[in-house]
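Below: the structure, in structure tokens.
The values are calculated or read from the model by the stated rules, or taken from the named source; none is laboratory data. What you see is a predicted model, and the numbers here were worked out from it, not measured in a lab. Cβ sites come from the backbone with ideal geometry, for glycine too, and all protein chains shown count toward neighbours. For the accessible areas, the whole protein counts, side chains as well, though only heavy atoms, and no ligand, DNA or RNA atoms are used. Shrake-Rupley method; radii C 1.70, N 1.55, O 1.52, S 1.80 Å.
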Amino acid sequence: MKIVAADVLVTAPGRNYVTLKITTDDGLVGWGDATLNGRELAVASYLRDHVCPQLIGRDAQRIEDTWQYFYKGAYWRRGPVTMTAIAAVDIALWDIKGKAAGMPLYQLLGGAARDGVMVYGHASGASLEEMLDDFAGYVDRGYRAVRAQCAVPGMGKVYGVHPGSSLYEPASAHLPAEESWETGPYLRFAPRMLGAVRERFGFDVHLLHDVHHRLSPIEAARLGRDVEEHRLFWMEDPTPAEDQEAFRLIRQNTTTPLAVGEVFNSIWDCQHLITERLIDYIRTSVSHAGGVTHLRRIFALAELYGVRTGSHGAGDLSPVSFAAALHIDMSVPNFGVQEYMGHVEPADEVFRTNWTFQNGLMHPGDAPGLGVEVDEQAAARFPYDPKSLPVNRRADGSVHDW
Ligand code: GCO
Ligand code: MG
């Protein structure tokens, strides 16, 4: 089965997505997600200029060989751009393999290890009351797990808070918007905010919170300790993730579970955190960490050390990678939870999905492959729309982690 075409689609149905389309000589088409928020065209060029020409004529069935070829063959390894490009190829080839076999991807990965995938939704608010009402909506819709983010009184725009019922979208301006951050007010407010959730909803719903890399290790340790009584499912990205050893200090000081990994691109980025048992959940995504082939390897390593999965599932990962994540979630033994932020309209005009949601669990559906088809004519109606993620400054004007 030879690859006869490899094309890159850049489209913005509500936000920018980069999609790889691989076509084989027997007419099968596979889709891969190559979206890297705020750096979309870098991956599009990596694919178009360097990877696509090398795909033509290759055997579409040799997924592992193709992965090794692009990882080792580039000489320049890892990094978000490279690993997102390799992921797009890998996801598209698994889609093709599923279509050739007439099976949904999760069947090729060993079949269902569970009935459905527990997902968490995003509750947020400009005030505590607004956040609690938003949270109530998720509970009413059947979610078993909800993430809570809330504007800190007296502080400007903060991560994860979106107005009204719209989905959170941080990449909102061509040039980066500037947001502000002060750690003190946040550290005083966050325990109260999470306590208010427990007071209103009790302990039956899983409660998650994302710190978005903003604390120092000792500050994170304190926050973890201060919220222990609220029994978080996890505290996400408490400190900048690249400093893996920092997690030892947090770990030694709190029993609040820790989740890290959305900015990681390879198993090497996770190795120390996993093998030293410094985290509870690994959050690498299928599209930013080398595709189905590599993510399964990361999750297998995690299983060995009692670390569970919690794949990144923000709206800036396209429905193609969200579907791939659901298939992997269905099949791995150490699944924890899957983030499900949803996709802004009119993404559904471009990406036709088959997944379902019932009682807080999602299922990828039983269509062969990923179960997502891309409408290229619809995609052409939504041209690329340059957008950047924000930067963060403290009150003294210095740049802080966003
Ligand atoms: C999450 C993430 C995202 C990122 C976004 C950046 O937990 O979902 O932190 O919201 O900020 O994916 O592009
Ligand atoms: Mg996050």
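Compared with the direct C-alpha span, the chain from LYS2 to ALA300 gains 104.3 nm at full extension, assuming 0.36 nm per residue. Considering helices alone, the calculated mean residue ellipticity of the chain at 222 nm is -10500 deg cm²/dmol, with DSSP H runs of length four and up weighted by -39500 (n - 2.57) and normalised per residue. Modelled spin-label separation between ASP25 and ARG39, with each label point placed 7 Å from Cα along the Cα-to-Cβ direction: 3.7 nm.
Across the stretch 389-399, rounded Karplus estimates of 3J(HN,Hα) from the backbone phi angles (6.51 cos²θ - 1.76 cosθ + 1.60, θ = phi - 60°) give 6, x, 10, 10, 10, 7, 4, 7, x, 7, 6 Hz, Gly and Pro being marked x. Per atom type, the stretch 106-368 shows carbon and sulfur on 49% of its accessible surface, probed at 1.4 Å.
Per-residue Karplus couplings for the stretch 127-143, computed as 6.51 cos²θ - 1.76 cosθ + 1.60 with θ equal to phi - 60°, are listed in order as 9, 4, 4, 5, 5, 5, 5, 5, 4, 4, x, 5, 4, 4, 7, x, 4 Hz, Gly and Pro entered as x. Only lysine pairs 8 or more places apart, or on different chains, with alpha-carbon atoms under 25 angstrom apart are counted in the chain, and they number 10. Of all alpha-carbon pairs in the stretch 1-102, indicate the percentage at a distance above 24 angstrom. Roughly 16 percent, rounded to a whole number.
Site pair ASP59 and ASP348 shows an inter-label distance of 4.2 nm when each label is modelled 7 Å from Cα along Cα→Cβ. Spacing of the modelled spin labels on ILE218 and ASP375, each 7 Å from Cα toward Cβ, amounts to 5.7 nm.
Where the alpha-carbon atoms of the stretch 254-402 are placed on the principal axes, they occupy 49, 47, 30 Å, in descending order. Per atom type, the stretch 1-102 shows carbon and sulfur on 52% of its accessible surface, probed at 1.4 Å. Calculated accessible area for the chain comes out at 39 Å² per residue, all protein chains present (probe 1.4 Å; ligands, DNA, RNA ignored).
The trypsin sites (Lys or Arg not before Pro) of the stretch 293-384 meeting both criteria, a DSSP state outside H, G, I, E and B (loop) and at most 15 other C-beta atoms within 10 angstrom of the site's C-beta, are ARG381. Computed from point charges on the beta carbon alone (+1 for Lys and Arg, -1 for Asp and Glu), the dipole magnitude for the chain about its Cα centre is near 700 Debye. FRET efficiency for the THR356 to VAL399 pair, using the beta carbon distance and R₀ = 45 Å, is estimated at 0.55.
Note on the stretch 106-368: Rg/Rh from C-alpha atoms, Kirkwood Rh, equals 0.94.
The value of relative contact order for the chain, using C-alpha pairs under 8 Å at least six residues apart, is 23 percent.
The amide H of GLU179, built 1.01 Å from its N in the peptide plane, has VAL391, ASN392, ARG393 as neighbours under 5 Å, considering only residues 5 or more places off or on other chains. When VAL81, VAL307 are compared by accessible area of protein heavy atoms, the largest-first order is VAL81, VAL307, using a 1.4 Å probe.
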